[in-house]
Amino acid sequence: MKTIRFLMVGGFLGAGKTTAIAKLASHYTARGKSVALVTNDQAYDLVDTHTLRSKGFDVGEVPGACFCCNFDDLMETISSLSESKIPDIVIAEPVGSCTDLVATVIEPMKELFGDRFELGPLVVLLKPEHGIKILGSSTGRGFSPKAEYIFLKQLEEADAIVINKIDKLTPDQQADLQNSVKQKFPDIPAINASVRDDTNMDQVFELFDQAPRNRSAMMDVDYETYAIGEAELGWFNCKIDASSGDKFSLDELALNLVDRIGTKINELGCEVAHLKVIGQTMQNSAVANLVSSGGPSELSLASEVAIEKCELVVNARVAASPQQLEETVAEVSKSLGEEWGIALVLSNVQCFRPAKPTPTHRVN
């Protein structure tokens, strides 16, 4: 039986995981390997899945719960991806608010399916927008201590840490963050990189080619604190059908929608973990992101087209109530549509707080 190499790219919401797994997939494909991807979220209809499929990748989706709580679906999804041709490598992107992946995903895979998988290291991307606040001495930390608990536990269980997005940091900020990581996690290798700009990507690729570090025990996790921290984040997903008698810029619509939602959330005094929108036609896609309150909205994938209609998918993860999120998106969509002369019709709304994580398996 052919053995599949299984890799997971961990990290907090907005850390750059989707960009990283796309770069990894391209890297391994260029080396002659067949690659399949698996995305994961608490909700359905994911921007990440749409984005990766728009790049031509074979992508399976495990929605409705994290990998650890949906372990059987993860295994079924991998099997369905490999029905026609078993891939050499499967790269998985877990939920950005999930931790304890070694004990609940990697070790159970080793025990139950060790003949099918060669398990690679858990590489965790550190999100600098919140890493500086949480690991540093900042007074405006953004999240509560319970939500920070998840952020720190993700780093603690890593086989290696990639301090991502260094293109957004000054040399002093890079050095300070690297020192903070070394002080907090002295036994875990950490490198600086920018996945988006390909800075130090040769070192990142080398990390994924290595074996996991030896562990004498699984990480201790307080599941009550974990559950409360995750539940402080409101989850919002929806589709928006946009149409107009006149052509409009797909890029500007996606970016303006993210920017205005982010501005409104900031006015409410709430912290954004990740806000992302993909606008799509049959041929084109545009993706816009915001990864922290008060930060800049960015167009991460440009379509450079003017169209009369499109479909937008909105994914918002914010330290706010679900009701606040739903009202904000509806209000912004209404005002933006009126200003631009575009009909924006919301559907497929999902709005909730994540339930307490209950792993299918946990190896102690």
Flag if Ser293 is crowded, with 22+ Cβ neighbours inside 10 Å, at negative phi and small (Gly, Ala, Ser): yes
Filtered residues of the stretch 23-42 (kept if surrounded by fewer than 19 Cβ atoms within 10 Å (Cβ to Cβ) and either aromatic (Phe, Trp, Tyr) or under 23 Å from Leu299 (Cα atoms) (or both)): Lys23, Ser26
Positions within the stretch 178-211 being of a type in the set (A, V, I, L, M), free of Cβ contacts under 8 Å to residues at least 60 places away in the same chain and out of contact with any helix residue (DSSP H, G or I) (no Cβ under 6 Å at 6 or more places or on another chain), in sequence order: Val181, Ile188
Filter result (small (Gly, Ala, Ser) and surrounded by fewer than 18 Cβ atoms within 10 Å (Cβ to Cβ)) within the stretch 250-272: Gly269
Residue count, the stretch 319-364 (criterion: touching a helix residue (DSSP H, G or I) at 6+ places or on another chain (Cβ under 8 Å), under 15 Å from Ser244 (Cβ atoms) and not aliphatic (A, V, I, L, M)): 2
Residues (of a type in the set (S, T, N, Q) and out of contact with any strand residue (DSSP E or B) (no Cβ under 8 Å at 6 or more places or on another chain)) located in the stretch 161-198: Thr170, Gln173, Asn179, Ser180, Gln183, Ser194
Matching residues, the stretch 302-327, being hydrophobic (A, V, I, L, M, F, W, C) and not in a strand (DSSP E or B): Ala302, Val305, Ala319, Ala320, Leu325
Residues satisfying the stated conditions in the stretch 23-78, i.e. farther than 15 Å from Pro94 by Cα, out of contact with any Lys or Arg (no Cβ under 8 Å at 6 or more places or on another chain) and not in a helix (DSSP H, G or I): Arg31, Gly32, Lys33, Val35, Lys55, Gly56, Phe57, Asp58
Residues that are at pLDDT 95 or above and of a type in the set (Gly, Ala, Ser), drawn from the stretch 322-363: Ala330, Ser333, Ser335, Gly337, Gly341, Ala343, Ser347
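The values are calculated or read from the model by the stated rules, or taken from the named source; none is laboratory data. What you are looking at is a predicted structure, and each value in this text was computed from that prediction instead of being measured. Reconstructed Cβ throughout: ideal geometry from the backbone, glycine too, with neighbour counts over all protein chains shown.
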